[in-house]
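The values are calculated or read from the model by the stated rules, or taken from the named source; none is laboratory data. All of these numbers come straight from a predicted model, not from anything done at the bench. Cβ placement follows ideal geometry from the backbone for every residue including glycine, while neighbour counts extend to all protein chains displayed. Ligands, DNA and RNA are stripped out before the accessible areas are found, and what is left, the full protein with its side chains, is counted by its heavy atoms. Shrake-Rupley method; radii C 1.70, N 1.55, O 1.52, S 1.80 Å.
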Amino acid sequence: MLKVQHLYKKYKNAETPSVDQLSFSFEKGNIIGLLGPNGAGKTTTISILCGLIQDFTGEVNVLGYDIRTHAHILKSKVGVVPQQIALYPNLSCKENLTYYGKMYQIPSNQLNTLIADYLHEFGLYDHADKQIKNYSGGMKRRANIIASLLNKPELLILDEPTAGVDVQSRSMILHFLKNYQQQGNSIIYTSHLLEEAESICDEILIIDQGKKVIQGIPKMLIKEHDTENLEELFLKLTGNKLRD
Ligand SMILES: Nc1ncnc2c1ncn2[C@@H]1O[C@H](COP(=O)(O)OP(=O)(O)OP(=O)(O)O)[C@@H](O)[C@H]1O
Ligand SMILES: [Mg+2]
């Protein structure tokens, strides 16, 4: 599903690389947790995987396609939920979703049904005509996720989809992700909530300062390192030093 080799990215004017010789691969059909402290390079890595950052070195193969030569094909197969809410605040939720759907060239009647179904599933149906700026944090996150689903992506990439949301929204989002996986799709997601990642991820990749720290199945890694849970393992491997 994903094969990354020697990925390297240094932003202009930055002294050190944000992603530094990162290599990893994952099989289809799993939920993958991309974990790491603040500034580890998670968002940069995700931006490369979904084609938003193009000036990098190394090889990136997504769903069997080289991201450099097949970005156009991947656009229809990959869905991305960015860390920052990417919705127009003055438009209603429905207007935002319609805008996204039109970008994917989904026929209007099909799009209306699709949006209505997702609004129901994500508990936003009764608020569909409210402006996004009047939504709560959890509602914005849920709407942001729907926007990435309209093209029925077989790979869904989410950057901190559960950050700053209440327990109810988080629980709903996590159930949705499990369900989406069970329909045969693959998911990569980032989170600082390690208990959550431990419970939902089939595999995790921990990175720090752009470099790979460890990759594997949470339960096995926890056992191998003689730790109690993922948070303990994470601290053992990345240390207690505060990040900038
Ligand atoms: N546009 C940019 N220009 C210069 N440096 C950047 C830019 N974006 C990110 N960085 C730097 O690259 C490093 C990795 O940032 P990135 O946002 O990928 O980390 P992250 O793991 O997603 O962090 P967080 O958990 O805080 O979201 C950081 O040191 C950050 O300051
Ligand atoms: Mg980030």
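Dividing the alpha-carbon Rg of the range 174-244 by 2.2 N^0.38 Å yields what? Intermediate results must be reported in sequence, preceding the final value.
On the way: Rg = 13.1 Å, N = 71, 2.2 N^0.38 = 11.1 Å.
Taking N as the residue count of the range 174-244, the ratio is 1.18.
Can you tell me the order of 103-112, 67-76, 141-150 when each peptide is scored by its average per-residue count of other Cβ atoms within 10 angstrom, highest first?
Details: 103-112: 12.3, 67-76: 14.3, 141-150: 22.4.
The packing order, highest mean first, is 141-150, 67-76, 103-112.
For the chain, what does the relative contact order come out to in percent, with C-alpha contacts under 8 Å and a separation of six or more? All intermediate terms of the calculation are to be shown ahead of the outcome.
On the way: 427 pairs, mean separation 66.1, N = 244.
Relative contact order here is 27 percent.
Please compute the modelled spin-label separation between residue 55 and residue 125, points set 7 Å along Cα→Cβ, answer in nm with one decimal.
Taking the simple label geometry, residue 125 and residue 55 are separated by 4.8 nm.
Would you please give the residues with an amide H less than 5 Å from that of residue 212, counting only those at least 5 places away or on a separate chain, with H modeled from the backbone geometry?
Close amide H contacts, sequence-distant or interchain: 23.
Name the aspartates and glutamates eligible as straight-distance cross-link partners of residue 3: C-alpha to C-alpha under 20 Å, and not fewer than 8 places from it in the same chain.
Counting by Cα, and skipping residues close in sequence, residue 3 has these aspartates and glutamates nearby: 20, 27, 55, 59, 66, 154, 159, 202, 203, 208.
What share of Cα pairs, in percent, lie more than 23 angstrom apart in the chain?
Values: 15071 of 29646 pairs.
Percent of Cα pairs beyond 23 Å in the chain: 51.
About the Cα centre of the range 90-244, how large is the charge dipole given +1 on each Lys and Arg Cβ and -1 on each Asp and Glu Cβ? Please answer in debye to the nearest 20. Intermediate values should be presented prior to the final figure.
On the way: 17 positive and 21 negative charges, 104 e Å.
Roughly 500 debye, rounded to the nearest 20.
Which percent of the accessible heavy-atom area of the chain goes to carbon and sulfur, probe 1.4 angstrom? Write out the running numbers ahead of the final one.
Working: 6020 of 12500 Å².
Answer for the chain is 48 percent, counting heavy atoms of protein chains only.
Give me log10 I(q)/I(0) at q = 0.12, 0.17 Å⁻¹ for the range 1-131, Debye formula, one equal scatterer per alpha-carbon, no solvent.
Results for the range 1-131 at q = 0.12, 0.17 Å⁻¹ read -0.62, -1.02.
Can you work out the PRE-style zone for residue 217? Point 7 Å along Cα to Cβ, and I want the residues of the range 1-36 with backbone N under 20 Å.
1-2, 24-35
For the range 41-56, in order, what is each residue's ³J(HN,Hα) by Karplus, 6.51 cos²θ - 1.76 cosθ + 1.60 with θ = phi - 60°, in whole Hz (x at glycine and Pro)?
Taking θ as phi minus 60°, the curve returns x, 5, 5, 4, 4, 4, 4, 6, 4, 9, x, 6, 10, 10, 8, 9 Hz for the range 41-56.
Local charge sum around residue 92 (other residues, Cβ-Cβ under 12 Å, Lys/Arg +1, Asp/Glu -1)? Walk me through the intermediate numbers first.
Values: positive: 94, 130, 133; negative: 95, 129.
Once positives and negatives cancel, what remains is +1.
So, R0 is 41 Å and r is the distance between the beta-carbons of residue 95 and residue 6; what FRET efficiency does that work out to, to 0.05? Display every interim value, and only then the final one.
Numbers: r = 43 Å, r/R0 = 1.05.
The pair residue 95/residue 6 has a calculated efficiency of 0.45.
I'd like to know which of 35, 104, 8 lies farthest towards the positive end of the charge dipole of the range 1-128, counting +1 on Cβ of Lys and Arg and -1 on Cβ of Asp and Glu.
After comparing all options, I get 8.
Could you pull out every one of the lysines with an alpha carbon less than 21 Å from that of residue 236, ignoring same-chain neighbours closer than 8 positions?
Correct list for residue 236: 42, 211, 212, 219, 223.
Can you list the HN-Hα couplings for the range 2-7, worked out from phi with the Karplus curve (6.51, -1.76, 1.60; θ = phi - 60°), rounded to whole Hz and with x for Gly and Pro?
Whole-Hz 3J(HN,Hα) from phi for the range 2-7: 8, 9, 10, 10, 6, 5.
Please report the orientation-averaged projected area of the range 117-158, defined via the convex hull of its C-alpha atoms, in nm².
On the way: hull surface 12.8 nm².
Convex hull of Cα atoms, orientation-averaged projection: 3.2 nm².
Measuring from a point 7 Å past the Cα of residue 38 along Cα-to-C-beta, which residues in the range 164-193 have an amide N at less than 19 Å?
164-165, 190-193
How large is ³J(HN,Hα), in whole Hz, for each residue of the range 68-77 in order, when computed from phi with the Karplus curve 6.51 cos²θ - 1.76 cosθ + 1.60 and θ = phi - 60°, using x for Gly and Pro?
5, 9, 10, 4, 5, 5, 5, 3, 8, 10
Search the structure for amide H atoms under 5 Å from the amide H of residue 10, placed 1.01 Å from N in the peptide plane, and list their residues when 5 or more places away or on another chain.
18
Extending each Cα 7 Å along its Cβ direction at residue 232 and residue 152, get the distance between those two points in nm, one decimal.
In this crude label model, residue 232 to residue 152 measures out at 4.5 nm.
In what sequence, largest accessible area first, do 238, 57 appear using a 1.4 Å probe?
Final ranking, largest accessible area leading: 57, 238.
Students often forget the sequence filter, so: which lysines lie under 25 Å Cα-Cα from residue 133 once same-chain residues fewer than 8 apart are removed?
Residue 133 reaches 94, 102.
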